[in-house]
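Right, one structure below, let's go through it.
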Amino acid sequence: MLEIYRSADASPIPSRIDTIQSGCWVRMIHPTEDEIAYVCTTLSIPREDIITLLDDEESPRIEHDDGRTLIIVDTPYVDTDDTDPNVSHPAKTTGTTSYTTVPAGFIVMQDTIITVSLRTNPVLQTFIDGKVKNFSTVKKTRFLLQFLYRNARLFVQHLRQIDNLTSTIEHTLYKSTRNEELIEMLRISKSLVYITNALKANEAVLEKLYRFPTPSVRMYEEDEDLLEDTIIENRQALEMAQTYSSTLGHIMDTCASMINNNVNSIMKLFTVVTILLTIPTMIASFLGMNVIIPGYLSENPFAFHLLIVGSLSISATLLWLLFRRKII
């Protein structure tokens, strides 16, 4: 899909146009070969630049070549069953929702900015919906920095959702003897690993952008302040991800031990019940054999009741001894 936008003078919502013009934003989402050819021919850029940005495994980085700057960053993504099965994904699961990351690419030129991605980016959608103040497609550097800042904020938002989900599963684990909750915890742990690695890579991109600005990405004083805020926000998200990942590891170890204890308690209960029922069973089995029964039992009209009371008394005494020795 190929969309071209250009900001009007007074409207916060960019207008969609049909052709590439000076000061426009070219948005490419899983573009076709014809769309790639049109953009490359019109803007005189190599086809390889766009193909590189469409690689789902591409690492965040900055490259400058021939008057244009190529920037790749990782963005948070919620992977559900609606994901295209033909697109590879590091955290693809079945029947669940996974938090992971996907790359988002920018090509910043002298009078045009291009965004390339395989999926619809929720951060870029906020610009189209007019939810970003002081947004203008003409101000390419400001647009890029506003995206990076909101991208870091979205990481923080997803991390808080992961923390809430972890707390919910943790309470379930305390009384669970199943593996489903542990598997869910493992899935969240993998999501945190992807997010942590993405934030570290994004931090390197932000630091390079701050220390070595390229000619295509010119910054004014207010742009530098926004970039500093973005670096701080990204660092906060990274610290949150590392903290949650460490905490989750301890929770998983503790809950695994608790599940083992719960299973041991159940097995201990079954063992005690088996022992207590064995005594009456043995007595009934012995007296039920073809043997001579003592006269005081064979002639006593209450013999059956005496055997039942005696068996239960022995079982009750054994149960008392188990409690006294704190075996159960």
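Taking the conditions (1) in contact (Cβ under 8 Å) with a residue 24 or more places away in the chain; (2) assigned to a helix (DSSP H, G or I); (3) among the β-branched types (Val, Ile, Thr) in turn, Thr243 satisfies each one other than (1). Each residue in the stretch 100-122 was checked for being crowded, with 22+ Cβ neighbours inside 10 Å, more than 18 Å from Glu58 (Cα to Cα) and not aliphatic (A, V, I, L, M), and 1 of them qualify.
If we scan the stretch 212-220, do we find a residue that is over 30 Å from Thr317 (Cβ atoms), at pLDDT 85 or above and either assigned to a helix (DSSP H, G or I) or open to solvent by less than 60 Å² (accessible area, probe 1.4 Å) (or both)? Checked the stretch 212-220: no residue is over 30 Å from Thr317 (Cβ atoms), at pLDDT 85 or above and either assigned to a helix (DSSP H, G or I) or open to solvent by less than 60 Å² (accessible area, probe 1.4 Å) (or both). Residues of the stretch 90-113 that are at pLDDT below 70 and under 13 Å from the mean Cα position of the chain (by Cα): Pro90, Ala91, Lys92, Thr93, Thr96, Thr97. Assess whether Glu203 counts as being surrounded by 14 or more Cβ atoms within 10 Å (Cβ to Cβ), in contact (Cβ under 8 Å) with a residue 60 or more places away in the chain and in a helix (DSSP H, G or I). When the stated conditions are applied, Glu203 does not pass them. Residues that are surrounded by fewer than 21 Cβ atoms within 10 Å (Cβ to Cβ) and either basic (Lys, Arg) or in contact with a helix residue (DSSP H, G or I) (Cβ under 9 Å, 6 or more places away or on another chain) (or both) within the stretch 64-75 comprise just one, Asp65. Figure legend. Inter-residue proximity from the stretch 135-146: first residues under 15 Å from Glu221 (Cα atoms), second residues charged (D, E, K, R), beta-carbon distance below 8 Å, spacing 6+ or different chains. Indicated pairs: Thr141/Arg218; Thr141/Asp223; Arg142/Asp223; Leu145/Asp223. Residue check: is Ala104 touching a helix residue (DSSP H, G or I) at 6+ places or on another chain (Cβ under 6 Å) and either assigned to a strand (DSSP E or B) or among the hydrophobic types (A, V, I, L, M, F, W, C) (or both)? Judged against the criteria, Ala104 is not a match. Checking each residue of the stretch 129-141 against the condition of being in contact with a strand residue (DSSP E or B) (Cβ under 7 Å, 6 or more places away or on another chain) and either of a type in the set (Ser, Thr, Tyr) or within 22 Å of Leu54 (Cα to Cα) (or both) gives at least one match. State whether the residues of the stretch 156-168 include one that is open to solvent by less than 10 Å² (accessible area, probe 1.4 Å), polar (S, T, N, Q) and either at pLDDT 90 or above or touching a His at 6+ places or on another chain (Cβ under 7 Å) (or both). No, every residue in the stretch 156-168 fails to be open to solvent by less than 10 Å² (accessible area, probe 1.4 Å), polar (S, T, N, Q) and either at pLDDT 90 or above or touching a His at 6+ places or on another chain (Cβ under 7 Å) (or both). Applying the criterion of being among the aliphatic types (A, V, I, L, M) and within 26 Å of Phe135 (Cα to Cα) to the residues of the stretch 44-56, the residue that is surrounded by the fewest Cβ atoms within 10 Å (Cβ to Cβ) is Leu54.
Quick grid of which residues meet (1) assigned to a loop (DSSP other than H, G, I, E, B); (2) open to solvent by less than 50 Å² (accessible area, probe 1.4 Å); (3) out of contact with any Phe, Trp or Tyr (no Cβ under 8 Å at 6 or more places or on another chain):
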{"site": "Glu3", "(1), (2), (3)": "no, yes, yes"}
{"site": "Ala8", "(1), (2), (3)": "yes, yes, yes"}
{"site": "Thr19", "(1), (2), (3)": "yes, no, yes"}
{"site": "Ser22", "(1), (2), (3)": "yes, no, yes"}
{"site": "Met28", "(1), (2), (3)": "no, yes, yes"}
{"site": "Asp34", "(1), (2), (3)": "no, no, yes"}
{"site": "Tyr38", "(1), (2), (3)": "no, no, yes"}
{"site": "Thr42", "(1), (2), (3)": "no, no, yes"}
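The values are calculated or read from the model by the stated rules, or taken from the named source; none is laboratory data. For clarity, every value in this text was computed on a predicted model and none was experimentally measured. When we count neighbours, we look across all protein chains shown, and the Cβ atoms used for this are built from the backbone with ideal geometry, even at glycine. Heavy atoms of the whole protein, side chains included, go into the accessibility calculation; ligands, DNA and RNA do not. Shrake-Rupley method; radii C 1.70, N 1.55, O 1.52, S 1.80 Å.
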